[in-house]
Protein chains: 2
Amino acid sequence: MKLIPTQIKTKKHFDTFLVSKGFKKTRQRDIIAEIFFNGPHHHYRIEEILEHARKLDASISYATVYRTMMMFVEIGFAQQRQFGKGQSLFEVQGRHHHDHLICTQCKKIIEFENETIEKLQAQVAKRHGFKMTHHKMELYGTCVSCQK
Amino acid sequence: MKLIPTQIKTKKHFDTFLVSKGFKKTRQRDIIAEIFFNGPHHHYRIEEILEHARKLDASISYATVYRTMMMFVEIGFAQQRQFGKGQSLFEVQGRHHHDHLICTQCKKIIEFENETIEKLQAQVAKRHGFKMTHHKMELYGTCVSCQK
DNA sequence: TTGTACATGCATATTATTTTCAAATAAAAT
DNA sequence: ATTTTATTTGAAAATAATATGCATGTACAA
């Protein structure tokens, strides 16, 4: 019994969202969305988005990137995560559900999914009378290359 | 094949540690350790330890509690955790291994353990060539009382 | 006792996040 | 095209949590 997969959020969805809700399409939002939704990877810090954005428009500010990322989170277009200390990471909402393997040396992040674990987690929550909304599972260690 | 359980850390162990390493036994450390190791629950914020400590000695500073908690973490007597945002929580090291169920409404924390999940996590890490050092698993939702 | 290295308290520095506000600008109304 | 308006932006400052520098205080060994 598979759930219907949530549609992956794209830049096009975001553009539509802006128009439909009466928000404005700005140069800054366009650049930030392009990087976030179509960029080379899946886990962006605000600082990193800012760096990339400034190559396209040197005047973009941290505050604007910050507010845009928060907007993504609020409207359900992004998930905000905290791995250990340091800054939040943002990833596009609606991709396959997954958890994370994190190398504490080189900070590399590998995504994985394990349906058996998911089921067991649901069981645990149920057994304690919890109505589970979400979970967090992160495995930390050293990756193959960092073990050498 | 059960692993040998790590000895639970106590205030007495801490006292011994201080002496053996040439650190000083101070009134402040004694108060803080008493609260942390023998207090009423298992998940302390620095602020909370400070409040309790000040009932016993009004002059104790945040910095001292902070540094003492950091010492507990460094010497392996405490684990530092971040549930969502907000301040870190500290818990005594060496109790049974466990993960957490967290009520997002009332912030209640329930500890649980599930050996099957643990094994599956180890498998996942191994499959990706990781040498796993630790993991984090938190299930968020609403507890029985908050569902009413 | 007294000396000394470690510990403490206060103040301040850092780091990450969040907000304020005047000026800029997108989009609607003329 | 120009004006109007409400939203958005950038710069700076506020907040929150964590971390540190330093003068003073204190545990403990000599």
Inset, instruction - Might you list the cysteines of chain A that have no disulfide-compatible partner by the rule of another cysteine's Cβ under 4.7 Å? - result: A:C106, A:C146
Inset, instruction - Report the closest approach of any chain B C-beta to the axis of the B-to-A rotation: residue and distance, in whole angstrom. - result: B:M137, 2
Inset, instruction - Quick one: with label points 7 Å out along Cα→Cβ, list the inter-copy distances for A:T26 in nm, shortest first? - result: 4.9
Inset, instruction - Would you work out the relative contact order for segment B:11-92, in percent, from Cα pairs under 8 angstrom that are 6 or more residues apart? - result: 29 percent
Inset, instruction - Set Lys and Arg Cβ to +1 and Asp and Glu Cβ to -1, take the dipole of chain B about its Cα centre, and tell me which of B:Q7, B:I49, B:F17 lies farthest positive. - result: B:F17
Inset, instruction - Distances from B:H96 to the same position in the other copies: list them in nm, one decimal, shortest first, using label points 7 Å from Cα along Cα→Cβ. - result: 3.5
Inset, instruction - Please tell me the relative contact order of segment A:95-148 in percent, rounded to the nearest whole number, where contacts are Cα pairs under 8 Å and at least six residues apart. - result: 46 percent
Inset, instruction - Give me the distance in nm between label points sitting 7 Å out from Cα along the Cα-to-Cβ direction at B:E47 and A:Q7, one decimal. - result: 4.2 nm
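If you count, for every residue in B:141-147, the Cβ atoms of partner chains within 10 Å of its Cβ, what is the mean?
That average works out to 4.
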Legend entry - Candidates A:K25, A:K136, A:K11: whichever shows maximal mean-square fluctuation once chain A is modelled as a Gaussian network with Cα springs under 10 Å: A:K136
Legend entry - Cα shape, segment A:11-92, gyration tensor, a/c 1.5 rule: oblate
Legend entry - Antiparallel bridges, percent of DSSP beta bridges restricted to segment A:99-147 (to nearest 5): 50 percent
Legend entry - Overall form of chain A per C-alpha gyration tensor (a/c, 1.5; a/b vs b/c): oblate
Legend entry - Cα long-axis angle, helix A:115-127 against chain A (0 to 90 degrees, to the nearest 10): 80 degrees
Inset, instruction - Give the nm distances, rounded to one decimal, from B:R81 to the matching residue in every other copy, measuring between label points 7 Å along Cα toward the beta carbon; shortest first. - result: 2.0
Legend entry - Highest-MSF residue in chain B out of B:E115, B:E138, B:E47 [GNM, Cα springs under 10 Å]: B:E115
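Place a +1 charge on the Cβ of each Lys and Arg in the protein assembly as shown and a -1 charge on the Cβ of each Asp and Glu, then give the dipole magnitude about the Cα centre in debye, rounded to the nearest 20. If you can, show how the numbers build up before the last one.
Values: 48 positive and 30 negative charges, 22 e Å.
About 100 debye.
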Inset, instruction - Give me the distance between the Cα centres of segment A:71-148 and segment B:21-53, rounded to whole Å. - result: 32 Å
Inset, instruction - Pick out, from B:F77, B:N114, B:H128, the residue whose Cα sits farthest towards the positive end of the charge dipole of segment B:40-148, with +1 on the Cβ of Lys and Arg and -1 on the Cβ of Asp and Glu. - result: B:H128
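Across peptide A:100-112, how many C-beta atoms of other chains are within 10 Å of each residue C-beta, on average?
2
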Legend entry - Local electrostatic count at A:I117 - Lys and Arg +1, Asp and Glu -1, tallied over other residues with Cβ under 12 Å: -4
Legend entry - Among B:I31, B:I46, B:I75: highest mean-square fluctuation, GNM of chain B, C-alpha pairs under 10 Å: B:I75
Inset, instruction - Enter the angle in degrees (range 0 to 90, nearest 10) between the Cα long axis of helix A:11-20 and the first principal axis of the Cα atoms of chain A, meaning the one along which they spread out most. - result: 60 degrees
Inset, instruction - Work out the mean other chain Cβ neighbour count within 10 Å for the residues of A:9-16 and drop it here as an integer. - result: 0
Inset, instruction - Return the long-range amide H neighbours of A:F83 (sequence gap of 5 or more, or a different chain), with a cut-off of under 5 Å between placed amide H atoms. - result: A:L89
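Laboratory data are not the source of any read-out in this text; all were calculated from the coordinates shown. What you see is a predicted model, and the numbers here were worked out from it, not measured in a lab. All Cβ positions, even for glycine, are placed from backbone atoms using ideal geometry, and neighbour counts span all protein chains on display.
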